[in-house]
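What follows is a single structure, written as structure tokens, with notes after it.
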Amino acid sequence: MVLGWLVGLGRAQRCAGAWTLWSVLCLLILEGVPAFASGSVPIGWGIDEDTGILLRIEDYDSSPVVTDYGRLSINDGGVTRPFPDTDLDHDYVFSDLESFALDKQGFAYTVGNTSLNFESGTTFEAPHLYRIRIFDEAGAIIVAQDDATGSGGLNVLQSLGPISGISSGQINGLDIDPLTGDFYAVNENGGRDDLLLIDRYTGVSTVIAKSMDGTDDIEDIQFDEYGNLYMIDDDGGPSENDDVLHMAILDRSGPLPSLLSISVVNNTGADEDIESLAWDFMNQRLIGFSDATNHFYQLNTTGNGYTDLGGIGFNDVEGIGFVPTNTGLPVPEPGTALLVGMGLFGLVGIRPSRGLRSHDRV
């Protein structure tokens, strides 16, 4: 049906307003028709804190296959440098990148919890928000495999600035609300955890909920497609050592969102050191990574327990994520990139109707 519309509009492209019709139709198609997916599970991405390495994860539900994309770099005033060792005394804290979230356009975001100081005089104050583009406008992967020590100028993190508005502690989890596009984070705050809203452009944070009831050591947060917010607590339960999954419900009706409720939905009964979460939007599954076993787990969201999905060969994956679409693939951005992704770039040359000003062309 969609193909028929495209053909019909293609024959009529010389008609007045054809450009506008094409633009509207392209937007409708991208919103309503899923992109082609390569399999039944999406590609996952993450960062290993012990090495600063970017990871690609495939077939997480059967026999996980992990591709090492090498140590991340950072843009220091136009000079590309390998992301440095932030703690020379402890091998288990290398990059101190402890969170990871992907948006619909294929950008990944992470937070560094240790300040960086380069000989050039550049300082990246902690906690610091960084971004890296995983997919281009057409949905193709644009990061490249690199050596694990030198970085070679590939896979460069872009600084978005320090996160302000918190008194102390680390940012242990970061995710994007699929209903609003807002950035949320969890801040470790003296034995309790604060839920924050972060402005991705300024880094200014606002506390949404302070010292959330029942929390002790939230390690990561993750939204599902309905806007439910899951939080994994590494020191929960009666033993104060169990991995406990909470679910938070938000009220988005006011000028700022607020926390309506938080409740335990899964007390795993185990101490597996689950320190990262990711929601598979294609299959509606919550995935976690265990620091104790270096395995992926599928976590129940309506009862206790989990399923061991197997090891991945890395020790400290503090952040993992999937593109938040039901195909597991990114959605092209509006503008010329949108048309490139659909193979319609040639239409840019179509003469606009009289009602369209020249500077309005895509």
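Small (Gly, Ala, Ser) and assigned to a loop (DSSP other than H, G, I, E, B): does that describe residue 211? The answer is yes for residue 211.
Report, by residue number, each residue of the range 125-166 that is of a type in the set (Gly, Ala, Ser) and without any contact (Cβ under 8 Å) to a residue 12 or more places away in the chain. Matches in the range 125-166: 140 only.
Inside the range 293-311, residues that are in a loop (DSSP other than H, G, I, E, B) and within 15 Å of residue 278 (Cα to Cα) make up a count of 2. The one condition from (1) more than 19 Å from residue 166 (Cβ to Cβ); (2) in a strand (DSSP E or B); (3) touching an Asp or Glu at 6+ places or on another chain (Cβ under 7 Å) that residue 261 does not meet is (3). Of the residues contained in the range 139-161, none is found to be touching a Ser or Thr at 6+ places or on another chain (Cβ under 9 Å), assigned to a loop (DSSP other than H, G, I, E, B) and farther than 16 Å from residue 53 by Cα.
Whether a residue is touching a strand residue (DSSP E or B) at 6+ places or on another chain (Cβ under 9 Å) and within 30 Å of residue 259 (Cα to Cα) was assessed, and residue 135 does not pass this test. If you check 86, 80 for being over 27 Å from residue 295 (Cβ atoms), in contact with a strand residue (DSSP E or B) (Cβ under 9 Å, 6 or more places away or on another chain) and among the hydroxyl-bearing types (Ser, Thr, Tyr), only one passes: 80.
Any residue that is in the same structural domain as residue 284 (by TED's automatic domain parsing), buried (at least 18 other Cβ atoms within 10 Å of the Cβ), at negative phi and over 22 Å from the mean Cα position of the chain (by Cα) - is there at least one of those in the range 128-140? Taking every residue of the range 128-140 in turn, none turns out to be in the same structural domain as residue 284 (by TED's automatic domain parsing), buried (at least 18 other Cβ atoms within 10 Å of the Cβ), at negative phi and over 22 Å from the mean Cα position of the chain (by Cα). Checked against (1) assigned to a loop (DSSP other than H, G, I, E, B); (2) closer than 17 Å to residue 279 by Cα; (3) touching a Gly at 6+ places or on another chain (Cβ under 9 Å), residue 105 passes all but condition (3).
Within the range 277-290, can one find any residue that is out of contact with any strand residue (DSSP E or B) (no Cβ under 6 Å at 6 or more places or on another chain), within 18 Å of residue 233 (Cβ to Cβ), among the aliphatic types (A, V, I, L, M) and not in a strand (DSSP E or B)? No; the residues of the range 277-290 include none that is out of contact with any strand residue (DSSP E or B) (no Cβ under 6 Å at 6 or more places or on another chain), within 18 Å of residue 233 (Cβ to Cβ), among the aliphatic types (A, V, I, L, M) and not in a strand (DSSP E or B).
The set of residues from the range 210-242 being farther than 15 Å from residue 174 by Cα and at pLDDT 95 or above comprises 225, 226.
Which members of the range 68-124 meet the condition of being buried (at least 21 other Cβ atoms within 10 Å of the Cβ) and of a type in the set (Gly, Ala, Ser)? Within the range 68-124, 70, 73, 95, 99, 101, 106, 108, 112 meet the criteria.
The values are calculated or read from the model by the stated rules, or taken from the named source; none is laboratory data. What you see is a predicted model, and the numbers here were worked out from it, not measured in a lab. Using ideal geometry, Cβ is built from the backbone for each residue, glycine included, and neighbour counts are taken over all protein chains shown.
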